[in-house]
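Trainee: Okay, handing you the structure first.
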Amino acid sequence: MTDEKVEPVTPSEPAGGWGSLKGIGSVFLRELPSPTIVQTLLRQNKTEGFMCSSCAWGKPAHPHKFEFCENGAKSTIWELTKNRCTPEFFAKYTVTELLEWRDYDLEMEGRLTHPMRYDEATDKYVECTWEAAFEGIGSSLKTLDPKSVVFYASGKAGLEASYLYALSARLYGNNNLPDSSNMCHETTSVGLKKVIGSPVGTCVLEDFEHCDAIFYFGQNPGTNSPRFLHPLQDAVKRGCKIITFNPVREQGLLRFVNPQNPLQMLTDDATELSHMYLQVRPGGDIAALMGLCKHVLAVDAARIAEGSPGVLDRAFIDQHTHGFNAFVDIASAVTWETIEAASGLARADLMAAADVYIASERVIGVYGMGLTQHVHGSQSIGMLVNLMLLRGNIGRQGAGMSPVRGHSNVQGQRTVGISEKPELVPLDKLAEMFDFEPPREKGLTTVDACEGIRDGSVKGFISLGGNFVRAIPDRAIMEEAWTRQEITVYIATKLNRSHLVHGKASYLLPCLVRSEEDIQASGPQSVSIEDSFSHIYGSIGKRAPASEHLLSELAIIAGIAKATLPEHPKRPWDEWTADYSRVRDLIAETYAKEFHDFNQRMFQPGGFYRGNPAHDRIWKTESGRAEFTHPTVISALGIGDAPGRYHLITMRSNDQFNTTIYGFSDRLRGLEGSRTILLINPADMARAGLNEGDVVNLTGDAEDGVHREVSGLTVTPFNLPDGCLGGYYPEMNPLIPLWYHDEASKTPASKGVPVRIVRSVSP
Ligand SMILES: Nc1nc2c(c(=O)[nH]1)N[C@H]1C(S)=C(S)[C@@H](COP(=O)(O)OP(=O)(O)OC[C@H]3O[C@@H](n4cnc5c(=O)[nH]c(N)nc54)[C@H](O)[C@@H]3O)O[C@H]1N2
Ligand SMILES: Nc1nc2c(c(=O)[nH]1)N[C@H]1C(S)=C(S)[C@@H](COP(=O)(O)OP(=O)(O)OC[C@H]3O[C@@H](n4cnc5c(=O)[nH]c(N)nc54)[C@H](O)[C@@H]3O)O[C@H]1N2
Ligand SMILES: [Mo]
């Protein structure tokens, strides 16, 4: 495996199929987990089994025999690798030496086995006992101002650990609880909530069995949620039409061979998924959606003028929405020329897509990072809701909004209190249950936390999973600031870059993974998670832990809390650790409506639904109705066009999970062997005088006087809209300014980054 050369080929392989089995095989051969891994995989996403720790896609009540995908299998195999990152490993290298290693090589060292403490004298992580770690962390936290400490969570830990994590931050004295959602679907949590009163999707998995069309924006199921390909394939086979908006022609939305269907595998009988595939410009979705709405409104007016019934759901609009007339005025005022220029799409194509919308009784709007990671991303979401509202496509079967969540429990972490927004948390209830005065002021988002680290006001960072330093914008600037913190604490499974860019004191606390057996004083424990459809599932790990020294995430959180906070009879950390059902009782007491009888319901096949008012057409918005958004911009880009400026989208390959790089094969896009590449279309290449294989640098073009650069990128021709470049996340993160984020939610705008190409050495 090299990181030097790239072999661009025309992507012709369908998603799924033999390629996905080969993908699993290559990770298997490298990690060489024990042969019993197959039994483990057979329990994945099944009732009484364990829930996959890859994406947040729903778990059906009637699962397939293999209810896992290429990436779910990779994620499990990655966790259960035979490699171990032991104290002997840390004795061999200084942290400064390890900072030269690639992310890939760090994680290849395998599972962390012992709690470790950073030793300044030797510049090494050295083994320590759990007691010493908790004691050290507790005494440090006790000396710091609670407002200066951040409790970050990456969306994996189960509901029980997450609830206690949020509680411990509040008992300590802050709401500084950003999670990976703040870099991801926070635009949904804020933007969707504003317009329909729900911070999460309104659809459930069954809706995909009833929809007539799916309008699909900026989400890549082949790579990021491959189990979604099954309901999509089934829908298309029933006659449902998928209309896709994406600058990249993603294989997962073009063709799919079901790897679980032997006949399809043998005959290579791929299903064509998208009825129309519209290669919108980055950030062009507001304009594209405006075009769709404009045409729907025009057809409605024309039909009514000729005495036919209109195409809008007038009864729904009258009864359930607010701001319709003003929206009609805006849509009439925007010209098709403006729409075509901002979206990069032809009027005729948008009209044809809108005709599919009109002809469909039931429509689902699906979206992902292509909408959320833009400066005006919340307006794009508002525009998608506008389209749906025109024909009453929210709050009935087969219709609704379906944001596809990332981390397996990221939505659930928000549900049980990991939130920097105190107004979303039942603080009065917590005050009564745990006998304290919870902090009421707003906590720090991811971007606020970064600003605090940069200006020195944040002095401590606790990380429940994740690789924060690698995932955030402005990495070069942030890494330097990071080391000025007093203390950093990482609850983790494998070594990553964040652990090496540590604070003055630093602890590395290794934990169990979800597929591993978790035995506490009362016996084996189960945990629970919430998927993208607001369904809650129990999960039981059965594998032997990677090391006898590991603790569960919940036990580590309790250990830190005990060492930091005064003892109190209402906070029996040891009893909670001994029996997680006690923590579920706390969750059920705090959120009685959603989580009543939690312990009894958690192993229900298909999970239990925690409900969603917008699903029932109850709108928890300011006006009490669903809001038509009146967009203030026509492009979601924060910085517009200029000569020589490109808009960079940062992408994921099917061979990575966020900052975890499994390998260097982007099979579905036909890109092999390297991640240090720059994707650009042949016309732009010719205009810039570039040849395939040239090595170039990218510099930031945000006009804020800060120099940002990523060097050594190999020019690779690729099918993209004009003026759009593609590069990999996280390699491109030094190019994203910290201040370049969604206006409403502060989600970093990782999909429309202004850059310039600078020539470096020729090959
Ligand atoms: N294998 C694997 N699975 C994962 C992850 C992973 O890294 N690897 N990450 C997990 C996480 S945390 C998340 S949040 C999800 C992310 O899953 P997705 O939401 O699919 O995120 P991305 O792959 O970043 O981008 C999605 C798509 O947006 C398109 N796009 C870019 N800009 C625009 C635009 O302006 N408009 C439109 N319409 N489209 C655009 C891109 O071409 C891409 O196809 O996946 C989860 N699952
Ligand atoms: N440019 C750009 N930047 C982005 C994005 C983008 O599309 N483009 N996407 C953003 C998105 S959507 C997200 S969600 C963030 C992701 O940001 P994070 O969630 O912070 O990052 P991950 O890469 O998912 O974290 C991986 C690490 O988590 C630890 N880990 C894995 N499993 C477990 C576990 O079970 N328990 C514990 N305690 N630790 C575990 C391991 O040590 C591993 O190295 O990145 C964001 N950054
Ligand atoms: Mo995410």
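The values are calculated or read from the model by the stated rules, or taken from the named source; none is laboratory data. Fair warning: this is a prediction, and the values are worked out from it, not measured in the lab. Glycine also receives a Cβ, built like all others from the backbone with ideal geometry; neighbour counts cover every protein chain displayed.
Trainee: Given (1) away from ligand 3 (no atom under 16 Å from the Cβ); (2) outside any loop (DSSP other than H, G, I, E, B), where does Glu361 come up short, assuming only one miss?
Mentor: Evaluating Glu361 over (1) away from ligand 3 (no atom under 16 Å from the Cβ); (2) outside any loop (DSSP other than H, G, I, E, B) leaves (2) as the failure.
Trainee: Can you say whether Arg347 is within 28 Å of the chain's Cα centre (by Cα) and surrounded by fewer than 20 Cβ atoms within 10 Å (Cβ to Cβ), as far as the supplied structure shows? Give the steps one after another, and end with the answer.
Mentor: On the way: within 28 Å of the chain's Cα centre (by Cα): no; surrounded by fewer than 20 Cβ atoms within 10 Å (Cβ to Cβ): yes.
Answer is no for this residue.
Trainee: Here is a follow-up. Do any residues in region 370-389 that are over 24 Å from Ser180 (Cβ atoms) have Cβ atoms under 9 Å from those of residues that are among the acidic types (Asp, Glu) and within 12 Å of ligand 1 (Cβ to nearest atom), where the two are at least six apart or on different chains, and which pairs are they?
Mentor: These pairs meet every condition: Met383/Asp285.
Trainee: Select from region 640-666 the residues that are outside any strand (DSSP E or B) and within 16 Å of ligand 3 (Cβ to nearest atom) and write down the one among them that is surrounded by the most Cβ atoms within 10 Å (Cβ to Cβ).
Mentor: For region 640-666, the residue satisfying everything is Asn654.
Trainee: In region 728-738, is there at least one residue being outside the structural domain of Leu278 (by TED's automatic domain parsing) and either farther than 30 Å from His499 by Cβ or surrounded by fewer than 18 Cβ atoms within 10 Å (Cβ to Cβ) (or both)?
Mentor: We begin by selecting, within region 728-738, every residue outside the structural domain of Leu278 (by TED's automatic domain parsing); these are 728-738.
After this cut, where a residue has to be either farther than 30 Å from His499 by Cβ or surrounded by fewer than 18 Cβ atoms within 10 Å (Cβ to Cβ) (or both) as well, the list is none.
Within region 728-738, not a single residue is outside the structural domain of Leu278 (by TED's automatic domain parsing) and either farther than 30 Å from His499 by Cβ or surrounded by fewer than 18 Cβ atoms within 10 Å (Cβ to Cβ) (or both).
Trainee: What is the residue count in region 380-401 for residues that are crowded, with 24+ Cβ neighbours inside 10 Å and farther than 13 Å from Ile196 by Cα?
Mentor: Matching residues across region 380-401 total 3.
Trainee: I need the full set of residues from region 180-197 which are more than 16 Å from ligand 3 (Cβ to nearest atom) and surrounded by fewer than 24 Cβ atoms within 10 Å (Cβ to Cβ), in order please.
Mentor: Pass one, region 180-197, residues more than 16 Å from ligand 3 (Cβ to nearest atom): 193-197.
Result: Lys193, Lys194, Gly197.
Trainee: With respect to Tyr216, determine if the residue is within 26 Å of Ala561 (Cβ to Cβ) and aromatic (Phe, Trp, Tyr).
Mentor: No: the conditions fail for Tyr216.
Trainee: Let me ask you something else. Quick check on my filter: what residues within region 41-67 are surrounded by 24 or more Cβ atoms within 10 Å (Cβ to Cβ), on the phi < 0 side of the Ramachandran plot and either over 18 Å from the mean Cα position of the chain (by Cα) or assigned to a helix (DSSP H, G or I) (or both)?
Mentor: Those that are surrounded by 24 or more Cβ atoms within 10 Å (Cβ to Cβ), on the phi < 0 side of the Ramachandran plot and either over 18 Å from the mean Cα position of the chain (by Cα) or assigned to a helix (DSSP H, G or I) (or both): Gln44, Phe50.
Trainee: Enumerate the strands (runs of 3 or more DSSP E) found wholly within region 487-593, keeping only those where 2 or more residues are aromatic (Phe, Trp, Tyr) and free of Cβ contacts under 8 Å to residues at least 40 places away in the same chain. Explain how you work it out, then say what you get.
Mentor: Values: elements: 487-492, 505-510, 527-530, 535-539.
Output list is empty.
For (1) modelled with pLDDT of 95 or more; (2) more than 20 Å from Ile757 (Cβ to Cβ); (3) of a type in the set (Val, Ile, Thr), each residue gets a yes or a no:
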position	(1), (2), (3)
Ser623	yes, yes, no
Phe628	yes, yes, no
Val633	yes, yes, yes
Pro643	yes, no, no
His647	yes, no, no
Thr650	yes, no, yes
Thr659	yes, yes, yes
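Trainee: Right, another one. Of Glu160, Glu209, which residue is among the charged types (D, E, K, R) and within 16 Å of ligand 2 (Cβ to nearest atom)? I'd like the intermediate steps shown before the answer.
Mentor: Values: Glu209 fails: within 16 Å of ligand 2 (Cβ to nearest atom).
Just one listed residue meets the conditions, Glu160.
Trainee: Can you find even one residue in region 96-119 that is touching a His at 6+ places or on another chain (Cβ under 7 Å) and closer than 24 Å to Gly252 by Cα?
Mentor: no
Trainee: Among the residues of region 382-403, write down those that are in a helix (DSSP H, G or I) and touching a Cys at 6+ places or on another chain (Cβ under 9 Å). Don't jump to the end; show me each part of the working.
Mentor: In the first step, residues of region 382-403 are kept if they are in a helix (DSSP H, G or I); the result is 382-390.
Correct list: Met383, Asn386, Leu387, Leu390.
Trainee: For the condition surrounded by fewer than 16 Cβ atoms within 10 Å (Cβ to Cβ), acidic (Asp, Glu) and touching a residue at least 60 places away in the same chain (Cβ under 8 Å), what is the one hit in Glu107, Glu120?
Mentor: Working: Glu107 fails: surrounded by fewer than 16 Cβ atoms within 10 Å (Cβ to Cβ).
After ruling out the rest, the residue left standing is Glu120.
Trainee: Shifting gears a bit: Name the one entry in Thr188, Thr202 that is within 16 Å of ligand 2 (Cβ to nearest atom), closer than 29 Å to Lys429 by Cα and of a type outside the set (Lys, Arg).
Mentor: Details: Thr202 fails: within 16 Å of ligand 2 (Cβ to nearest atom).
Testing whether each residue is within 16 Å of ligand 2 (Cβ to nearest atom), closer than 29 Å to Lys429 by Cα and of a type outside the set (Lys, Arg) leaves just Thr188.
Trainee: I've got another one for you. Which one of Lys74, Lys147 is among the basic types (Lys, Arg), assigned to a helix (DSSP H, G or I) and modelled with pLDDT of 95 or more? Show your work before the answer.
Mentor: Working: Lys74 fails: modelled with pLDDT of 95 or more.
Within the list Lys74, Lys147, the selection yields Lys147.
Trainee: So, in region 300-321, how many residues would count as being surrounded by fewer than 18 Cβ atoms within 10 Å (Cβ to Cβ) and closer than 28 Å to Ala614 by Cα? Working first, answer last.
Mentor: So in region 300-321, the residues surrounded by fewer than 18 Cβ atoms within 10 Å (Cβ to Cβ) come out as 301-310, 313-315, 318-319.
When the remaining residues are screened for being closer than 28 Å to Ala614 by Cα, the result is 309-310, 313-315, 318-319.
Within region 300-321, residues that are surrounded by fewer than 18 Cβ atoms within 10 Å (Cβ to Cβ) and closer than 28 Å to Ala614 by Cα number 7.
Trainee: For region 172-179, indicate whether the set of residues that are away from ligand 3 (no atom under 16 Å from the Cβ) and assigned to a helix (DSSP H, G or I) is non-empty. Write out each step before concluding.
Mentor: Restricting attention to region 172-179, the residues satisfying the condition of being away from ligand 3 (no atom under 16 Å from the Cβ) are 172-177.
Pick out the ones that are also assigned to a helix (DSSP H, G or I) and you get 172.
Within region 172-179, one or more residues are away from ligand 3 (no atom under 16 Å from the Cβ) and assigned to a helix (DSSP H, G or I).
Trainee: Report, by residue number, each residue of region 449-477 that is in a helix (DSSP H, G or I) and either surrounded by fewer than 20 Cβ atoms within 10 Å (Cβ to Cβ) or not assigned by TED's automatic domain parsing to the domain that holds Ile418 (or both).
Mentor: Within region 449-477, Glu451, Arg454, Asp455, Ala476, Ile477 qualify.
Trainee: Quickly run through region 345-367 and pick out the residues that are in contact with a strand residue (DSSP E or B) (Cβ under 7 Å, 6 or more places away or on another chain) and of a type outside the set (A, V, I, L, M, F, W, C).
Mentor: Asp349, Tyr357, Ser360, Gly365, Tyr367
Trainee: Would it be correct to say that Arg475 is under 21 Å from the mean Cα position of the chain (by Cα) and within 16 Å of ligand 1 (Cβ to nearest atom)? Explain how you work it out, then say what you get.
Mentor: Values: under 21 Å from the mean Cα position of the chain (by Cα): yes; within 16 Å of ligand 1 (Cβ to nearest atom): no.
Against the criterion (under 21 Å from the mean Cα position of the chain (by Cα) and within 16 Å of ligand 1 (Cβ to nearest atom)), Arg475 does not qualify.
Trainee: Please identify the pairs in which a residue from region 425-446 that is among the basic types (Lys, Arg) has its Cβ atom under 7 Å from the Cβ atom of a residue that is outside any loop (DSSP other than H, G, I, E, B), counting only partners at least 6 apart or on another chain.
Mentor: Between residues of region 425-446 that are among the basic types (Lys, Arg) and residues that are outside any loop (DSSP other than H, G, I, E, B), the close pairs are Lys429/Thr590; Arg440/Pro422; Arg440/Leu427; Lys442/Pro422.
Trainee: Continuing with this model, one more query. Being under 28 Å from Pro247 (Cα atoms), more than 16 Å from ligand 2 (Cβ to nearest atom) and outside any helix (DSSP H, G or I), is that true of even one residue in region 371-381? Write out each step before concluding.
Mentor: The first filter runs over region 371-381 and keeps only residues under 28 Å from Pro247 (Cα atoms), leaving 371-381.
Next cut, more than 16 Å from ligand 2 (Cβ to nearest atom) only: 376, 379.
Now narrow it down to the ones that are outside any helix (DSSP H, G or I): 376.
Checked region 371-381: at least one residue is under 28 Å from Pro247 (Cα atoms), more than 16 Å from ligand 2 (Cβ to nearest atom) and outside any helix (DSSP H, G or I).
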